[in-house]
Every structure is written in structure tokens, then in C-alpha cells.
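Step one of this worksheet: look at the structure below.
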Amino acid sequence: MEEAELSRNEKIRMLRTTGLSLRQLGEMFMISRTRADQLTRGIYKSPDNLETRNNKIKSLRESGKTLEVIGQEFGITRERVRQITIGVEVHKPKKVKIGKLPLSLKGRLEQYIIKTDGCWKWTGPKSGKGYGKLAFKGKDYYAHRAMWEVIEGPIPEGMEICHWCDNPECCRPNHIFMATHKENMQDREKKHRGNRKTIR
Ligand SMILES: [Zn+2]
């Protein structure tokens, strides 16, 4: 930091202690209130002198100083020194408001499901045959298949997700199972012979 800047900052701090407001200080020194507040609290970093600092670090590194020595000098880690010398910018992770988190497929499903002791009822749109339907990230899903994917992972090509409970809209994970088309047909036949499993 240049001497002129240092003495200016000292002056700002001094004036602040005499009771000048941040707004008055800002107007007097043509800086923002936030900046005035930072300066009175001894926070001198600004993008400009950060760049100067980084250039200094780079040239020290070029002159052969070790990462460790430079790090100690500037109060930063060796890794950060290394990043600066190769030009890696550190981006702070964006803060995401919880309420605005994008919903997962599971979250989307749960918006439409009413859980009961028996079947989990689908309250969203349905297909002609009564299966729950939903769109997620541009893809169309059957709700019970989406539930299977959420719980068990991707459904292999050609496999069907069937209902033990024979209730097409049901999305309860332990009411559904994966089967080949043939097995599905056999299961149906069995159920229609009155051998129906009662999991409701
Ligand atoms: Zn069920």
C-alpha cells in the first residue's frame, strides 16, 4: 500500500473516532459507506491491492523463494501461494438459499405422494391406465418407475416395474418390484387366478 493511501486511511479512522458518520466520511473521501466502514475497522484489502499483492507473490516465486517462505510472509497457505503463481483465481462458492434449492427427483415425487399405512397414493397426473406420471428435467416418468430409480438406481433396458399391490398409482417402494415382461405377465395371471398378494 502506498504511503499516501496509508495516511488517508489513518485520517479516515481518526475522523471516525471524532464522530463523523460513515456517509460523511464517504462523501469527504469519495468512497462508499461500506468502504469507509471497512477502512475504519482496518480492513484495507481492495481488489486493486490484492492484485498488487499477487504480482509481488509471483515475482518472489520467480526469484526462487519457496512456497513456504512466501506463504509465511503473506499469511497464506503454501497451496494458495502455488495457486496465485499459476494464476488460479479463488471463487467463493455461491450461497444458495435453502428455499431455492432445485428439487431432486425424489423431492418432486414426494410433492405428489400421500403416504398411508398401505399404498402411497399418487395425487399428480396419471396415465390412462392409472399410473402416476411426472416430468422432471425435461424427461417424462411414470411415478412408480421414478420411485424405483430413486431407491434402487437406473432400470435396465426392457425391465418392468410391477406392483405387488396391483394398484397402478402406488409409489410405495416395498410395493413395487422389477421383473421382465414375461415375469410381469405371469404375476398378473397369478393375481387374476385369485392368488393375489395382500400388501395394501
Ligand atoms: Zn401399494
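Here, each number is a calculation from the coordinates, and none is a lab measurement. Just so it is clear, the structure is predicted and the values come from calculations on it, not from any experiment. Please note: Cβ atoms are built from the backbone with ideal geometry, for glycine as well, and neighbour counts cover all protein chains shown.
Looking at region 159-181, which of the residues that are part of a loop (DSSP other than H, G, I, E, B) and under 18 Å from Lys106 (Cα atoms) is nearest to the ligand (Cβ to nearest atom)?
Of the residues in region 159-181, the ones part of a loop (DSSP other than H, G, I, E, B) are 159, 164-172, 180.
Those still in the list that are under 18 Å from Lys106 (Cα atoms) too: 169-172.
On the way: Glu169: 8, Cys170: 3, Cys171: 8, Arg172: 5 Å.
If we take residues in region 159-181 being part of a loop (DSSP other than H, G, I, E, B) and under 18 Å from Lys106 (Cα atoms), then Cys170 is nearest to the ligand (Cβ to nearest atom).
Inspect region 149-158 for any residue being surrounded by fewer than 19 Cβ atoms within 10 Å (Cβ to Cβ), within 15 Å of the ligand (Cβ to nearest atom) and more than 22 Å from Met185 (Cβ to Cβ) and give the result as yes or no. Write out each step before concluding.
Here is the first cut: in region 149-158, the ones surrounded by fewer than 19 Cβ atoms within 10 Å (Cβ to Cβ) are 149-158.
Now drop any that are not within 15 Å of the ligand (Cβ to nearest atom), which leaves 151.
Then drop every residue that is not more than 22 Å from Met185 (Cβ to Cβ), which leaves 151.
Yes, region 149-158 contains at least one residue that is surrounded by fewer than 19 Cβ atoms within 10 Å (Cβ to Cβ), within 15 Å of the ligand (Cβ to nearest atom) and more than 22 Å from Met185 (Cβ to Cβ).
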